[in-house]
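Read the structure below first, then the notes.
The values are calculated or read from the model by the stated rules, or taken from the named source; none is laboratory data. Fair warning: this is a prediction, and the values are worked out from it, not measured in the lab. Every residue, glycine as well, gets a Cβ built from its backbone with ideal geometry; the counts of neighbours run over all protein chains shown.
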Ligand SMILES: Nc1ncnc2c1ncn2[C@@H]1O[C@H](COP(=O)(O)OP(=O)(O)OP(=O)(O)O)[C@@H](O)[C@H]1O
Ligand SMILES: [Mg+2]
């Protein structure tokens, strides 16, 4: 059969190397390159990216050098120690425990949970939405009823109940418990875009080209909704930092011996702390605000870049 | 034996209504059509918008679930997915889509788009595959530097030629061309049609050429079927249809072809109105 093509085209194997080199020179840049050039063009976004990455790396590595049980021991001598002293950079809380060290370990715990939660719930939500939207019919119907059921459950209450029932839990189990309740929004969003995308002719063309359903879903459709996925993931990451923080603040997140941003902010429950001992809660609150702002800023740039590469016209 | 035999094909879409989503009625998009396509010929399927042409085309290529009837290829009924798989059916029957932009994945480079059927059906080595893609681009008159570009970087006519290249990649026996040029302007239409004709001569491909434009069909097809509301109202050779139309619906479609000769414009208009009047009378009965 190959001869058939040889016969009707002047191009032969001898030209292959030359032609593909020529084509390479004319090639359009890849998506990763476009995203990078978008960041280079936008300095504040670059700064935001460095803040996020730098901070995450710092707390992850820093927490390794801190002996948590020892840090959490009560030290009466340092009762509400003032900040900016050589031993206590950010002061100490009512138990005389270093706020700076708690902040590092607490951030590691909170951000770790947020990352884990984002990865698990977004992956699940994206797959659920893609499959439900692509297959349509009975599969979609069934999957949407499960979705409806999950939406019906009062989320916060369920988490509080689960956390109370389960006797021993830590960051990992907590992440999984949260994940059960946080994939729905993503899945609905992805499903609606997938429904529209599946109608397009390139999906039909892939089917007549003999491509399997799974490949069509994840290799053809998913790249086309990547900008939506990126934006949704960054936003849910910012939101997920708040999830753990909020519950720990209420006292239903991580156990109180485990420092987290939420347990630190709950120091502000005490009116004395709010006015006199501001250093016990303010750093954690500021950290959350800065992180969330930086993340949503980066999300915006990613979306712009992803849209640009969808058009591709705006390349470099 | 014909290349493909379509027998009493029906495609009905259910209409669901009410709280329980029960099927209360159905849209008869294709309602019992029968015709054969011979090897190497171009078979024209003509009808106005909504008459069920695309649905017929999609059923033949295996994209649409058929309600009843059969489509025989190599003696097997390919309305069943099992038979399609056994025959590697889509290696032999491919499709060119109406909207060239939406039929090419915007996130894929041209090389990957054209190579997609090759990867699934032929399993060539990397170099052979790239060579084949380059040859295909050459055959449809595109340069090699198209290889690593994205669909939006091409004009409508170029994109449609990329669609043609993808359809012929596995050297199929039949290509369903669903209004391949109706989204293009006139000069580009001729260009794409000429490439399609050239490819037909060189590879001996059959086309099922779907169009609402009898003018275009006249250039491409030897046998023509006229479709109206899911049924075939007239089947014949080009000569039959253009010179001795029997059905009033066909006459009406013919009357709708614009007359280029200025002197005959008035006469043409009069005859069109006359045909329209008869058609309306028959419709109201
Ligand atoms: N998925 C679907 N669900 C319900 N009805 C449909 C569906 N697809 C098509 N139809 C209906 O079937 C009929 C035939 O549609 P089809 O797309 O085959 O028409 P067509 O002849 O190709 O028209 P056009 O020239 O506009 O492309 C139309 O009335 C359409 O509304
Ligand atoms: Mg159509």
Residue satisfying all of: in region A:5-21; surrounded by fewer than 14 Cβ atoms within 10 Å (Cβ to Cβ) and in a helix (DSSP H, G or I); nearest to the other protein chains (Cβ to nearest Cβ) among these: A:13
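Go through region A:31-93 and tell me which helices (runs of 4 or more DSSP H), entirely inside it, have 3 or more residues that are without any contact (Cβ under 8 Å) to a residue 24 or more places away in the chain and under 22 Å from residue A:108 (Cα atoms).
On the way: elements: A:31-41, A:43-64, A:68-71.
Because the criterion is at least 3 residues that are without any contact (Cβ under 8 Å) to a residue 24 or more places away in the chain and under 22 Å from residue A:108 (Cα atoms), the helices (runs of 4 or more DSSP H) in region A:31-93 that meet it are A:43-64.
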Some residue of region B:114-125 being within 7 Å of chain A (Cβ to nearest Cβ), within 23 Å of residue A:222 (Cα to Cα) and within 16 Å of ligand 1 (Cβ to nearest atom): no
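Report whether or not residue A:190 is within 14 Å of chain B (Cβ to nearest Cβ) and either within 30 Å of residue A:74 (Cβ to Cβ) or part of a helix (DSSP H, G or I) (or both). Before the answer, list the steps.
Numbers: within 14 Å of chain B (Cβ to nearest Cβ): no; either within 30 Å of residue A:74 (Cβ to Cβ) or part of a helix (DSSP H, G or I) (or both): yes.
Here the answer is no, as residue A:190 does not meet what is asked.
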Residues being more than 8 Å from chain A (Cβ to nearest Cβ) and without any contact (Cβ under 8 Å) to a residue 40 or more places away in the chain - total across region B:84-110: 5
Search result, residues across region B:153-193 that are more than 19 Å from residue A:204 (Cβ to Cβ), within 9 Å of chain A (Cβ to nearest Cβ) and part of a helix (DSSP H, G or I): B:153
Qualifying residue in region A:177-199 (condition: at pLDDT below 95, touching a strand residue (DSSP E or B) at 6+ places or on another chain (Cβ under 6 Å) and surrounded by 18 or more Cβ atoms within 10 Å (Cβ to Cβ)): no
Enumeration of residues in region B:43-94 that are buried (at least 16 other Cβ atoms within 10 Å of the Cβ), more than 16 Å from ligand 2 (Cβ to nearest atom) and assigned to a loop (DSSP other than H, G, I, E, B): B:62, B:66, B:67, B:78, B:79
Subset of region B:20-42 that is more than 14 Å from chain A (Cβ to nearest Cβ) and outside any strand (DSSP E or B) - its residue that is nearest to ligand 1 (Cβ to nearest atom): B:41
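Would you pick out the residues in region B:82-100 that are within 16 Å of ligand 1 (Cβ to nearest atom) and over 16 Å from residue B:59 (Cα atoms)? Give the derivation first.
At the first step, the residues of region B:82-100 found to be within 16 Å of ligand 1 (Cβ to nearest atom) are B:95-100.
Within region B:82-100, B:99, B:100 qualify.
In region B:10-25, what residues are away from ligand 2 (no atom under 16 Å from the Cβ) and touching a residue at least 24 places away in the same chain (Cβ under 8 Å)? Reasoning before the result, please.
Residues of region B:10-25 that are away from ligand 2 (no atom under 16 Å from the Cβ), as a first pass: B:10, B:12, B:14-25.
B:10, B:12 - these are the residues of region B:10-25 that are away from ligand 2 (no atom under 16 Å from the Cβ) and touching a residue at least 24 places away in the same chain (Cβ under 8 Å).
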